[in-house]
Amino acid sequence: MRWIDLSGFAQTVLVPRPAIANSPAQAVTTDAYHARCPDHKWSCPIAHGNRKLVFCWIGDADLFAWSAGAGEVAVQAVKQLLGKQPRHVDGSGPVKTLTDQVEFDEIHLLCDKVPELSKKFAAWIGSKARVHTVRLSSPVDYSAIFEAADGVLGKVTSKVQGEYSVSIHLSPGTPAMTAVWVLLGKSRYPATFYQTFRGRVIPTTIPFDLLVDYLPTVLHASDRLIHGANVADAAIEGFGGVIGRSPQIREAITRAKRIALRDVGVLVLGESGVGKDVFARALHAASRRSAKPFVAINCAAVPKELLESELFGHKKGSFTGAATDRVGAFEQADSGTLFLDEVGECDLPMQAKLLRVLQPGQDDPPSARTFKRVGDSEDRHSDVRIIAATNRDLQAEVAAGRFREDLYYRLAAFTLKIPPLRNRTTDIPAIADHLLARINTDFAKAEPGYQDKRLSVSTKRFLCQQAWPGNVRQLHNVLLQAAVMIDGPTIEPRDIEAGLSNAAGRDPLSSADLPLGDGFSLTKHLEDVQRRFLARAMQEAEGKKTVAAKLLGYPNYQTLAAQLERLSVDWGGE
């Protein structure tokens, strides 16, 4: 950001301040909201009724247009700021052209330039204009632009009460700024787009099909557009293997990154196939132990009589088949991380042995482990961080007496819940592209001349409409089947449907052929279906009931609120 001397016209008042300064409809808000600096906060007046909000950047053409009528001091300030000669601009510039021809209740202007200058520009636009000063390292830095734009949109819309609509002006700013507006306006903040050209306002439609094909390509390369707690650097800091940009997965990544920095135990929770192992590896890769071993043991896959040996090792001759000494997982993972997958499958005797190892001595650091190999009397020591995972409800298992309460609290110093795929449908196209690329690579290595498969636009839309009870693992298997069975290069919806045709792969809530009788209740079944769609709408609307009501076709958000309360819908928000 460049700072310039504005002495000489800083006191100039271009438009008189309204007489009623406290009126939300008239007050000029000049507090800067620094989207990347949490210490600087901006508060938006509470709005009532159906509010029309417009968001846009202040571009060079806008500053040239303003300075032309503001006097020589303004012209020189813009010249110094932009480092080029002021040029002639037709009309009033993009922003004023739009705001003069279309009525808005609030005009939100983003600017990475001199705050004093942008405030003067906002006063020229009118009393409804509010300035958000953001910090950008570069006007083409997609990550920083996304953080700034998303921060302003989120802050403003979260303060609006009642009905509102979002509009975005695409013309001002750099192409990178325009691209980010399109991403946000077609996903998190459904918006009406405008452009201006030679004094004309042009409503602009962005085809959905273009976004379905384009967005995964842009976002899959890295998670740079994921914001919050520097999640934009996910690929560098260990989370590059986590594919997704939905609010649900962003929240999980943000929490995981904080946990990763501390030597604390973590219990990763989630349904089968959601990628708990991916998060476990990411936690290790983002920790200070990343250069040390990561050892994974699937407790469900090892016979219970051999699990103790797998974990702690054994001495030669300690049991039948113990032909040599064996080093166990706790020794292999020394100074690193031990991942206990499906820890809920351990029986009670094994749980007691784990508890003894996970309980450090009084003066020991939290990761100190003392244990004995099977058949050995000698204590062994290692420094191991424990990450455990399960698809079971361990609290219910504790209540039923199948899991030790003391071990549960030892494992669950921190918990990390991974959302199921059905709760983050916006991630499905990117995940599917990633999985299919891996399948193509594997097949191409084994089959010279193999033709890569790709997903059509309609197929991606079809994938997003499925419930995926088996989560990412099921999605991978269905794509694998389709890649094997099709003759051409393009996977169509019918190819996916073939992979979903077996009963085990279908969502019971969406099946029309459920067996009747034996306790079947149509009312309960329909309520379950309704809960699914209510939760999905609230997730896609990020908790905004007015938006969710529109997604579901309800006449107003009060109807939605009543249904959420009646059915006790848990959609994952506050």
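Quick notes on this structure:
- Residue check for Q362: under 36 Å from the mean Cα position of the chain (by Cα) and not β-branched (V, I, T): no
- Looking across segment 278-310, the residues that are more than 23 Å from L435 (Cα to Cα) and either in a helix (DSSP H, G or I) or not assigned by TED's automatic domain parsing to the domain that holds V384 (or both) come down to K304, E305, L306, L307, E308, S309, E310.
- All positions within segment 373-424 that are buried (at least 17 other Cβ atoms within 10 Å of the Cβ) and modelled with pLDDT under 90: R422, N423, R424
- Residues in segment 129-158 that are under 19 Å from R51 (Cα atoms) and at pLDDT below 85: S158 alone.
- Taken over segment 109-168, the criterion of being of a type in the set (V, I, T) and out of contact with any Pro (no Cβ under 6 Å at 6 or more places or on another chain) is satisfied by V114, I125, V131, V134, V140, I145, V152, V156, T157, V160, V166, I168.
- Strands (runs of 3 or more DSSP E) contained in segment 90-195 and holding at least 3 residues closer than 25 Å to V78 by Cβ: 106-111, 129-133
- Some residue of segment 382-392 being assigned to a helix (DSSP H, G or I), under 28 Å from the mean Cα position of the chain (by Cα) and not assigned by TED's automatic domain parsing to the domain that holds D495: no
- For T370: the one exception among (1) among the β-branched types (V, I, T); (2) over 18 Å from E305 (Cβ atoms); (3) crowded, with 20+ Cβ neighbours inside 10 Å: (3)
- Filtered residues of segment 251-275 (kept if among the β-branched types (V, I, T) and over 20 Å from G240 (Cβ atoms)): V264
- For segment 165-176, a residue qualifies if it is at pLDDT below 90 and either of a type in the set (A, V, I, L, M) or surrounded by 21 or more Cβ atoms within 10 Å (Cβ to Cβ) (or both), and the qualifying residues are G173, A176.
- When segment 305-353 is filtered for residues that are farther than 23 Å from D383 by Cβ, within 38 Å of the chain's Cα centre (by Cα) and either surrounded by fewer than 16 Cβ atoms within 10 Å (Cβ to Cβ) or of a type in the set (V, I, T) (or both), the ones remaining, listed by number, are D347, L348.
- Flag for P555 being farther than 20 Å from I249 by Cβ, in a loop (DSSP other than H, G, I, E, B) and modelled with pLDDT of 70 or more: yes
- Segment 312-331 residues that are farther than 24 Å from I386 by Cα, paired with ones that are in a strand (DSSP E or B) (beta carbon under 6 Å, 6 or more apart): S318/V374; A322/H314
- Subset of segment 342-366 [modelled with pLDDT of 90 or more and either assigned to a loop (DSSP other than H, G, I, E, B) or not assigned by TED's automatic domain parsing to the domain that holds E310 (or both)]: E342, C346, D347
The values are calculated or read from the model by the stated rules, or taken from the named source; none is laboratory data. Keep in mind that what you see is a predicted model, and the values were worked out from it rather than measured. Neighbour counts are summed over all protein chains in view; Cβ atoms, including those assigned to glycine, are modelled from backbone coordinates with ideal geometry.
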